[in-house]
1. May I ask you to list pairs of residues, at least six apart or on different chains, whose Cβ atoms are under 9 Å apart, with the first in segment 379-390 being small (Gly, Ala, Ser) and the second being crowded, with 18+ Cβ neighbours inside 10 Å and assigned to a helix (DSSP H, G or I)?
2. Quick check on my filter: what residues within segment 194-211 are in a helix (DSSP H, G or I), out of contact with any strand residue (DSSP E or B) (no Cβ under 7 Å at 6 or more places or on another chain) and more than 14 Å from MET285 (Cβ to Cβ)?
3. With ASP173, ASP177 as the choices, which residue is acidic (Asp, Glu), closer than 17 Å to ILE245 by Cα and crowded, with 23+ Cβ neighbours inside 10 Å?
4. Just one of SER141, SER157, SER92 is touching a residue at least 60 places away in the same chain (Cβ under 8 Å), out of contact with any Lys or Arg (no Cβ under 8 Å at 6 or more places or on another chain) and more than 17 Å from ARG21 (Cβ to Cβ); which is it?
5. Scanning for something farther than 25 Å from GLY265 by Cβ and assigned to a helix (DSSP H, G or I), does segment 325-332 turn up at least one residue?
6. Which residue pairs have Cβ atoms closer than 6 Å, lie 6 or more positions apart in sequence or on different chains, and pair a first residue in segment 36-58 that is assigned by TED's automatic domain parsing to the domain that holds HIS133 and surrounded by 10 or more Cβ atoms within 10 Å (Cβ to Cβ) with a second residue that is of a type in the set (Val, Ile, Thr) and part of a loop (DSSP other than H, G, I, E, B)?
7. Quick check, is ALA233 small (Gly, Ala, Ser), in contact with a Ser or Thr (Cβ under 6 Å, 6 or more places away or on another chain), buried (at least 20 other Cβ atoms within 10 Å of the Cβ) and part of a helix (DSSP H, G or I)?
8. Do we find that THR56 is touching a strand residue (DSSP E or B) at 6+ places or on another chain (Cβ under 9 Å) and polar (S, T, N, Q) in this structure?
Amino acid sequence: MKDDVRTLPKQYHDAIEHWQRHNFPDFPKLAEEWDRFFPKDEPFCLCAKIAEDIPTQIEVGERRGEAKALAPKDLPEEAAQHLLMQIKAQASTEFGSIQQHQGTLARAQEPQDHAWALRVMAEELRHGYQMVHLLTSADWSPVTDTKAADMVEEILSMQTGSHVLAAFNLEYDSFLDNVVFAAFIDRVGKYQLTMQKISAYKPYASSMPPMLREEAFHLAAGVIPLRRWVEAAARGDGYITMHDIQKATHKWFGRGLEMFGDERGGETNVRFGLKDMANREAQDMYIEECERMYDDLNERYVRVRLPKLSRDEAEKAFARIKAGETVEGVSPEELLRLPDRRFFRRRGEYAYQMVGTTGESFSAVEQYVAHVLVNLPEAYRASIDVKHWADLQRKVSRGEMPLKEAISSMPRLARMSGGCPCAKSV
């Protein structure tokens, strides 16, 4: 069944196009490259897509079996408030990721990588459009005094540094960030969309399937370049090393984990029927999936490093290397690995705990700060974001700042001039 396609009222459609011209100026290039790189796919549509075959009854939670809400007023007030926060946060991530990608888009080494990143950005724009559709096509007055136009204005005025989630407030330092972000952060997006597909609010649930289909491509835009880079690194003829990828992993993995919310929470959304998993359960599944992704990359690396081995022999060699052996000159240190889930955390259960990449504990804060710095990309180490974290880590560890205050603190990275006046066009 085809999706129902809808267009925003002119004032909002024009506002998003205005935002695009300021924040995503390369967007027109996608149409020029579409037939070359995506000949079998339908042309891009800046529109809202609504799936028609969505269950009409609430699937989880206290009201399971009741009819799904068609308007915010049909939900309990607290559930509607949680839903509104979800939609606004989702919108922030969609527009925020475009701003991040744009900064290093031109640094793609291959035309295909450039085209794929363009498509990811365009589909994120469509997802943001979808969230604006949800905000403007319903009456939210039962749960907020803020008018729809003001909510849209707030979202479109955000810049890198002022978005809702920390992962969308980090600037990219190279095209490696574009790719690793897609592999890790878009993977979190897949989990969030999947959990929200059962939403007790039918218009939101109906928005998820089209977004999930597009999100699958975003994951490929991360994993497939990583496979190519890993194999090139194994041959010794690549520009990106395993060490580079490892450090980028350290930059993004913790921020991805924090996108699930505090590990001890999430039951309220399940109770309200807005998601089907609590935070820790979803995060555990995400970590397992990331481990499988890195097992695949590492096994590809071993196959190229040991080309005389058959596929089965290479698989066995990889298992031995992963277990700690050095096999035919390939050592465990050459392989990619996920850091401990507690490493470099700023939100959630493990915020500001001094735990290293392999799970080792630190008692001296300066030793821990040095450990984190040496394991991050050089360009990122020089950022205000890392300095802000180090300052907070020292204060928390020395008892000079309450943990709760540090968790709620974030650096003001947003540019103070040259911002997009898009919000004023709503």
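1. Here the result reads ALA390/VAL369; ALA390/VAL372, each pair linking segment 379-390 to a residue that is crowded, with 18+ Cβ neighbours inside 10 Å and assigned to a helix (DSSP H, G or I).
2. Result: GLN196, PRO203, TYR204, ALA205, MET208, PRO209, MET211.
3. ASP177
4. SER92
5. yes
6. Once the first residue is assigned by TED's automatic domain parsing to the domain that holds HIS133 and surrounded by 10 or more Cβ atoms within 10 Å (Cβ to Cβ) and sits in segment 36-58, its partners that are of a type in the set (Val, Ile, Thr) and part of a loop (DSSP other than H, G, I, E, B) give CYS47/THR7.
7. It is true that ALA233 is small (Gly, Ala, Ser), in contact with a Ser or Thr (Cβ under 6 Å, 6 or more places away or on another chain), buried (at least 20 other Cβ atoms within 10 Å of the Cβ) and part of a helix (DSSP H, G or I).
8. Against the criterion (touching a strand residue (DSSP E or B) at 6+ places or on another chain (Cβ under 9 Å) and polar (S, T, N, Q)), THR56 qualifies.
The values are calculated or read from the model by the stated rules, or taken from the named source; none is laboratory data. Quantities reported herein were computed from a predicted structural model and do not represent experimental measurements. Virtual Cβ from ideal backbone geometry, glycine too; neighbours counted across all protein chains shown.
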